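Chemist: Once you've had a glance at the structure underneath, I'll fire off some questions.
Since every read-out is calculated from the coordinates, none of them should be taken as a lab result. All figures in this text were calculated on a predicted structure; none of them were measured in a lab. Backbone-built Cβ (ideal geometry, glycine too); neighbour counts: all protein chains shown.
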Amino acid sequence: MSNRQLVVAAAQEAGVSFGEEADGPHGGTRISVASSDLPALLEAVRRSASGRPVYGATDGQRPQLARDAALVAQRDVTFFEYESADSQVLADERLGCTVVVAQATTGVHNPITEFTEPVDLVYTWVDGADPQWRIARDEAWASVHPGELNEFAGNEERFRTHDELRYSLRSVDYFAPWANHIYLLTAGQVPEWLDTANPRITVVDHSDVFADLDALPTFNSHAIEAQLHRIPGLSEHFLYLNDDVFFGRPVTPNLFFHGNGIAKFFLSEQRVGDGPAGPGDLPVDSAAKRNRALIEEKFGKSPIYKFKHAAHAQRVSTLRRLEQDFETVHSATSHARFRTPADISIPSSLAHYYGYGIAVAVPGEIAYRYCDIGEASAQAKLLRLLRDRDADVFCLNEVGAAAIDRHEQELMVQRFLQSYFPVPSSFEVGM
């Protein structure tokens, strides 16, 4: 029985009327009752919790077992059960059900600065070990003229999986349970462990979002990312994540959106390189230069910094407007089967600066960690992440060939992810 179900059942038993309130900032739920009904409801919850480790918490007070607590009847009270694994607390009062006293005036408990609209999540994912997919990729790569593309436009590491998606979805259940709906955008592939019957997640094929099917198959992340706003049913506000991005501690929608819907982006300390884009640039760098040229032409201002490889706050309306304003280069990127020096990178970069230019996005602050799992320092960085657990979002990227043995690298990543996210999520089969 969930925390909310416990409280609602108690209210019904006591004959107490209650109202629905907006969910709490960490994913907990809330109901409101009249102040005169609060004592009866608290007593009913205490009876319902008999024999179960249900706790009650009020602001500024240490949680107490509900069956024993003399909870003050004129204050908001949160009821919850702890969940833990391996000495790690996975659920506490942040996911509880809070009983609030209905206000005599409007009954509204949300500050104007709190973002309360639904926020979806969008992941892009590929199984680089799929034999059929690899054959199609190799055939497409063979048609590329030598010297046209950077070697990192289609290198093996770009498509290698360490089962990151499984653990990223666990991080959603742990730390962002308020996520409205999750869309997984793939090339007709589905992870074998994914529970596709879960109503909170939808697998979307590339063919469902590309306006021109002649652009498929594609092996270009820039091309795929250019189609996100075409996902059927996608909410206006959403977060875009690669599968190597994880929530590292409890976060709220307000980390990514202001209360009025304006999106936040997170600038990196790294600067966009000088000069025009060319095949000598890493694809991420050539795209950043192309983005800069478009922003300079459109708004007369020159972007300087790149962005953190975090969860990217997006608005569907912004992406649609961007496509209209940059139709030619948007189409060219969408039709490039591998990342080219002429590509733009939309949700991870261009959309942020474009959103700022049209006053729908602004800089924000986030606690962030980055680790290239191919570097010799990766083990030390992962151990610090496990120890500190102080990142809102972190990324485990793999840029090129590893400095450590492949087998040891795989063991290192799996040990880290299993230690950080030990409990299966609701998105896994059998859970």
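Chemist: If r is the Cβ-Cβ distance from residue 411 to residue 2 and R0 is 51 Å, what FRET efficiency results, to the nearest 0.05?
Modeler: Step by step, r from the Cβ atoms, then E = 0.90.
Chemist: Rounded to whole Å, give me the distance from the Cα center of the range 328-353 to that of the range 194-237.
Modeler: 16
Chemist: FRET efficiency for residue 342 and residue 20, Cβ-Cβ distance as r, R0 = 41 Å, nearest 0.05?
Modeler: 0.20
Chemist: Now a separate question. Going by average Cβ neighbours within 10 Å, how do the peptides 173-181, 338-346, 127-135 rank, with the highest at the top?
Modeler: Highest to lowest by the protection proxy: 338-346, 173-181, 127-135.
Chemist: What is the angle, in °, between the Cα long axis of helix 38-48 and the longest principal axis of the Cα atoms in the chain? Nearest 10 is fine, range 0 to 90.
Modeler: For helix 38-48, the angle is close to 80 degrees.
Chemist: Right, here's the next one. Hey, quick one: spin label on residue 208, modelled 7 Å out along Cα-Cβ, who in the range 226-247 has an amide N within reach, i.e. under 19 Å?
Modeler: 226-243
Chemist: What number, rounded to the nearest 500 deg cm²/dmol, is the helix-based mean residue ellipticity at 222 nm of the chain, given -39500 (n - 2.57) per DSSP H run of at least four residues and division by all its residues?
Modeler: -8500 deg cm²/dmol, from helical runs alone.
Chemist: So for the pair residue 190, residue 144, with labels modelled 7 Å out along Cα→Cβ, what separation do we get in nm?
Modeler: Taking the simple label geometry, residue 190 and residue 144 are separated by 3.1 nm.
Chemist: Net charge near residue 392: determine it from the other residues with C-beta under 15 Å of the C-beta of residue 392, scoring Lys and Arg +1 and Asp and Glu -1.
Modeler: Within the 15 Å Cβ shell, the charges total +3.
Chemist: Also: Tell me the net charge near residue 323. Cut-off is 14 Å between Cβ atoms, residue 323 excluded, with +1 for each Lys or Arg and -1 for each Asp or Glu.
Modeler: For residues surrounding residue 323, the net value is +1.
Chemist: Taking 7 Å along the Cα-to-C-beta vector as the label spot, tell me the residue 163-residue 384 distance in nanometres, rounded to one decimal.
Modeler: Taking the two extended label points, one gets 2.7 nm.
Chemist: How about the range 246-281: which chymotrypsin sites (Phe, Trp or Tyr not before Pro) there lie in a loop by DSSP and see at most 16 other Cβ atoms within 10 Å?
Modeler: Listed in order of number, the matching sites amount to none.
Chemist: Rounded, prolate or oblate for the range 216-261? Axes are the square roots of the Cα gyration tensor eigenvalues, ordered a ≥ b ≥ c, and the cut-off for rounded is a/c under 1.5.
Modeler: It is oblate, given that a/c is not under 1.5 and a/b is not larger than b/c.
Chemist: On a 0 to 90 degree scale, rounded to 10, what angle separates helix 164-175 from the longest Cα axis of the chain?
Modeler: Once rounded, one gets 30 degrees.
Chemist: Which of the lysines could a cross-linker bridge to residue 301, judged by Cα under 30 Å and excluding same-chain residues fewer than eight apart?
Modeler: By straight Cα distance, residue 301 reaches 264, 289.
Chemist: Whose amide H sits under 5 Å from the amide H of residue 102, counting only residues 5 or more places off or on another chain, with H placed in the peptide plane?
Modeler: 33, 34, 35
Chemist: Run the numbers for residue 52 and residue 296: contour at 0.36 nm per residue of separation, minus the present Cα-Cα distance, in nm.
Modeler: 81.7 nm
Chemist: Once phi is turned into ³J(HN,Hα) by the Karplus curve 6.51 cos²θ - 1.76 cosθ + 1.60 with θ = phi - 60°, what whole-Hz value does each residue of the range 328-333 show in order, with x for glycine and proline?
Modeler: 5, 6, 4, 5, 4, 5
Chemist: Give the distance, in whole Å, between the Cα centre of the range 267-298 and the Cα centre of the range 20-61.
Modeler: After rounding, the separation between the Cα centres reads 52 Å.
Chemist: Another one. I need to check one value: relative contact order of the chain, counting alpha carbon pairs closer than 8 Å and at least 6 residues apart, in percent.
Modeler: Answer for the chain is 17 percent.
Chemist: So, one more: Let me check against my output: what whole-number percent is the relative contact order of the range 341-431, with C-alpha pairs under 8 Å and at least 6 apart?
Modeler: The normalised contact order for the range 341-431 reaches 25 percent.
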